[in-house]
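The values are calculated or read from the model by the stated rules, or taken from the named source; none is laboratory data. This structure is a prediction, so every number in the text was calculated from the model and none was measured. Heads up, the Cβs are rebuilt from the backbone with ideal geometry, glycines too, and the neighbour counts pull from every protein chain shown. For the accessible areas, the whole protein counts, side chains as well, though only heavy atoms, and no ligand, DNA or RNA atoms are used. Shrake-Rupley method; radii C 1.70, N 1.55, O 1.52, S 1.80 Å.
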2 protein chains.
Amino acid sequence: MPNSELSSLGNTSHTAENTQADNALCLENQVCFSLYSAANAMVRAYRPMLDKLDLTYPQYLVMLVLWQEQGISVKTLGDKLFLDSGTLTPLLKRLESKGLVSRGRSDQDERVRVLSLTSAGQALKLEASEIPHLMRCKIGAEIEDLKALKSMCDKALKQLHASIE
Amino acid sequence: MPNSELSSLGNTSHTAENTQADNALCLENQVCFSLYSAANAMVRAYRPMLDKLDLTYPQYLVMLVLWQEQGISVKTLGDKLFLDSGTLTPLLKRLESKGLVSRGRSDQDERVRVLSLTSAGQALKLEASEIPHLMRCKIGAEIEDLKALKSMCDKALKQLHASIE
DNA sequence: GTAATTTAAGTTGTGCACAATTTAATTGTG
DNA sequence: CACAATTAAATTGTGCACAACTTAAATTAC
């Protein structure tokens with residue numbers, strides 16, 4: 001029998017009929033389901049820490065970018081976070097109404113928003129500084145494992161983006 | 001300098017002040033962001049295939065479970081998918097209104113829903129059978145890499161669940 | 001220089017995820 | 001038996017993600 005294994009990771013031996021498709025359609029063999037569940041669990045794990053800052057996880061990601069670099073556009077932010085204006089516009093409005101972010105306009109190009117932090121937004125960085133450490137304790141993995149996980153996620157993401165073309 | 005590296009994966013050398021926290025709060029070093037982005041991209045990649053079956057990715061997951069085992073409760077389904085009734089009840093109603101799933105009641109316990117497939121729901125399995133193969137092509141990774149990715153996601157998920165206790 | 005095209009951001013609508021709460025049925029305890 | 005506690009599912013409300021579309025400004029082509 002040629003190894004025409006599908007996207008499942010189960011073994012190819014089978015005793016009943018149609019087991020190949022059964023294997024492929026089996027929840028236990030779904031890489032994507034593991035990815036999806038781990039991502040959900042990760043967001044859940046962040047929640048109690050982020051609640052103290054009154055941030056959601058996607059809002060925290062936006063703050064991470066802005067703590068690093070201000071004056072960027074919604075487009076640039078979206079390119080960094082792989083999110084579109086449909087997601088970011090309302091999110092940024094929420095951050096603005098919390099007094100963390102200001103949404104200016106570019107002088108050169110009236111279409112683009114220029115995103116920057118208020119002093120409160122800037123100050124929040126200090127309160128957030130312990131989160132990465134706390135989170136790493138929650139995941140409780142070796143740094144090498146985390147590096148490997150990150151690099152495989154990045155690789156998968158790159159491939160999936162390429163497959164759209 | 002002791003290596004008190006935070007959950008970032010960046011190197012520990014720094015030239016400016018406060019670089020340790022900067023490193024930890026840097027988007028490029030966030031394992032969780034990679035996980036989150038990869039999971040989003042994965043769901044996006046499934047969409048064109050699942051559109052043909054008129055299913056969303058979470059609906060597809062429910063169908064995967066029911067193709068494997070019917071007569072289970074919402075609770076059991078939720079335990080398998082790591083989702084709660086707040087997510088599953090409306091999702092199952094949608095699957096019911098599409099004529100794929102029936103939501104009966106247990107005779108022994110009037111509280112529990114007994115989930116089963118209609119003939120249309122059962123038949124959809126055949127149409128879905130090519131999806132795992134197509135998806136693996138999209139991710140385009142070696143099977144060993146996928147196995148590693150899956151096992152690390154499962155490990156992270158387990159840890160994150162444990163850290164709630 | 002004006003019309004066609006492109007681009008940035010915003011809007012609308014759908015479907016998750018999940019916290020918090022509610023409802024109703026079952027189980028446990030005195 | 002009664003009544004407290006537990007459990008299963010549903011409900012409500014918030015905030016993503018994203019597709020599809022709209023609006024308006026900038027760019028390009030002629």
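Odds and ends about this structure:
- Within the set B:LEU124, B:LEU81, B:LEU95, B:LEU100, the sole residue that is more than 7 Å from DNA strand D (Cβ to nearest atom) and in contact (Cβ under 8 Å) with a residue 60 or more places away in the chain turns out to be B:LEU124.
- Test for B:VAL65: is it more than 9 Å from DNA strand D (Cβ to nearest atom), open to solvent by less than 50 Å² (accessible area, probe 1.4 Å) and within 24 Å of B:VAL43 (Cα to Cα): yes
- Scan of region B:127-165 for residues that are touching a residue at least 12 places away in the same chain (Cβ under 8 Å) and loosely packed, with under 14 Cβ neighbours inside 10 Å, ordered by number: B:GLU127
- Flag for A:SER85 being farther than 23 Å from A:PHE33 by Cα and surrounded by fewer than 17 Cβ atoms within 10 Å (Cβ to Cβ): yes
- Residue ID - nearest to DNA strand C (Cβ to nearest atom), chosen from residues in region B:71-103 that are within 14 Å of another protein chain (Cβ to nearest Cβ) and within 18 Å of A:LEU25 (Cβ to Cβ): B:LEU81
- Every test in (1) out of contact with any Gly (no Cβ under 8 Å at 6 or more places or on another chain); (2) outside any helix (DSSP H, G or I); (3) in contact (Cβ under 8 Å) with a residue 40 or more places away in the chain is passed by A:LEU115 save one, and that test is (1).
- Filter pass, A:LEU117 being open to solvent by less than 30 Å² (accessible area, probe 1.4 Å) and more than 12 Å from chain B (Cβ to nearest Cβ): yes
- Residue tally, condition facing chain A (nearest Cβ under 10 Å), within 12 Å of DNA strand D (Cβ to nearest atom) and in contact (Cβ under 8 Å) with a residue 60 or more places away in the chain, over region B:43-62: 2
- Selection count where residues are open to solvent by 40 Å² or more (accessible area, probe 1.4 Å) and modelled with pLDDT of 95 or more, scope region B:25-42: 1
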